[in-house]
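Just below is one structure, and these are the notes that go with it.
The values are calculated or read from the model by the stated rules, or taken from the named source; none is laboratory data. Here the structure is a predicted model, which means the values were calculated and not measured. Reconstructed Cβ throughout: ideal geometry from the backbone, glycine too, with neighbour counts over all protein chains shown. Heads up: the accessible areas ignore ligands, DNA and RNA and are worked out on the full protein's heavy atoms, side chains in. Shrake-Rupley method; radii C 1.70, N 1.55, O 1.52, S 1.80 Å.
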Amino acid sequence: MWSWVSLDTVATADKAEWFNDVISRTVAPHRMALVDPATFHARTGLLELGRVSVAYHDFGAQESWRTPEHIRCSDPGHYFLGLITGGGMHVQQGRNHAGLGPGDGVLFDSSHPYSAGTTSPGGSGVLLLSIPRTAVGLPEGRLDALLAGGFAARDGIGAILRTFLGSLRHHAPDCSPEGLAALERSAVALASALLAQQLDLGDSLPAETKEEVALRQIHAFIERHLDDPDLTPRTVAARHHLSLSGLYGLFRTQDEGVAARIRRLRLERCRAELVSTRGPLPIHAIAARWGFTSSTAFSRTFKAAYGISPRAYRQQARQSAAPQGGPAAPVDESGPRRPPRRRTAEPGGTV
């Protein structure tokens, strides 16, 4: 599970030693210097996924070095794939040196000396994936050329990996050991695909890695298009150049099929909006907003999934919230109305 540490209560004189110890344990032994110990801040979270670990680091301005002495003392033999979430950083390893900003990615290796530091006065934020060198499945000689090179990771597989790693912060604690093992496989597959993309080695990835990446791409596509009433398994297959049978084959290891996933995610979005206090919408408008073309069909589907009608669910939530926030303003749930019929005057009479 995630473990979080923060130096909020650490004395200024001890901050460098404290953070150096955290990085040495979550990454590898380093030497570190803080730009301004008085204002330095740091918070770190770590999730162990078998051979792989995911860390989130948010820290102030600093410089760090991993030297040959550190490597002789301890070397986990890992690649580290960093995704910058805020601020700026620089990384140098071998002949490469990268300046990085939000949305950029970088690969470095624990088995060779490197240096890293912040380039923003306020520090940096980084998602860091640690993977054994033997698990990546790409030629080490080609990967070595990528070390500290830096690359854009804002779109495509990079964006999918960033979203996946970010979601682990909230959802990994609810996973079983089998679920965590599946997350490890997904993390390695997505990281390998992102690195292969930088080296134009996509065709060399194992078939299971390609399938995992294709699934994640399809999941991301579905999430982006839930509001499209024409989103169906057939349109998903067409957009990804698959036959329907090929699409269903990809989902054979999933807990739900394509149509069931679309339906569940739409219902989750609707359920969240039903209890939203930010300008609550009528039920029929919420249903239409998330791709349901019939408010009647939406109500029936919602009740089948949650055992309660959308109207009753909203009322129940409003009643539960009333003691804290007072009675909520009424929402018109009557659905679209026809304009009032115009009355015409009878002959010899008045309207």
Among ILE23, ILE286, ILE308, the residue with the largest mean-square fluctuation in a Gaussian network model of the chain built from Cα contacts under 10 Å is ILE308
Going from the alpha-carbon gyration tensor of the chain, what semi-axes, largest first and in whole Å, does one get by taking the root of 5 times each eigenvalue?
49, 27, 18
Calculate the dipole size of the chain relative to its Cα centre from +1 charges on Lys and Arg beta carbons and -1 charges on Asp and Glu beta carbons; express the result in debye to the nearest 20.
1940
Evaluate the charge dipole of the stretch 1-148 about its Cα centre and quote only its size in Debye, nearest 20, assuming +1 on the Cβ of each Lys and Arg and -1 on the Cβ of each Asp and Glu.
300
For the chain, build the charge dipole from Cβ charges (+1 Lys, Arg; -1 Asp, Glu) around the Cα centre, then report which of ASN20, LEU7, ASN96 sits farthest towards its positive end.
LEU7
Note to self, the chain gives a 222 nm [θ] from helices alone (DSSP H runs n ≥ 4, -39500 (n - 2.57) apiece, / all residues, nearest 500) of -13000 deg cm²/dmol
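Above 26 Å lies some portion of the pair distances; for the stretch 71-195, what is it as a whole percent of all C-alpha pairs? Can you show the working numbers first?
Values: 1606 of 7750 pairs.
That fraction is 21 percent.
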Output the relative contact order of the chain, whole-number percent, from Cα pairs under 8 angstrom with separation of 6+ residues.
11
The answer for the chain, accessible area per residue at 1.4 Å probe in Å², is 53
When the C-alpha atoms of the stretch 63-121 are aligned to their principal axes, what extent does each axis show, in angstrom, from largest down?
32, 19, 19
Quick one: helix 207-224 against the long Cα principal axis of the chain, what's the angle to the nearest 10°, folded into 0 to 90?
40
Largest first and to the nearest Å, give the Cα extent of the stretch 11-115 along each principal axis.
34, 32, 31
Charge tally for neighbours of ARG261 with beta carbon under 10 Å away, counting Lys, Arg as +1 and Asp, Glu as -1, is 0
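Whenever you get a sec, compute what percent of the accessible area on the stretch 8-92 sits on carbon and sulfur atoms (1.4 Å probe).
Details: 1910 of 3730 Å².
Here carbon and sulfur together make up 51 percent of the probe-accessible area.
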Positive dipole terminus of the chain, leading residue within ALA148, HIS78, ALA55 (C-beta point charges)
ALA55
Please give the charge dipole size of the stretch 266-305, origin at the Cα centre, charges +1 on K and R Cβ atoms and -1 on D and E Cβ atoms. Round to the nearest 20 debye.
40
Hey, any idea what % of the stretch 227-288's accessible area is carbon plus sulfur with a 1.4 Å probe?
51
Local charge sum around ARG185 (other residues, Cβ-Cβ under 12 Å, Lys/Arg +1, Asp/Glu -1)?
-3
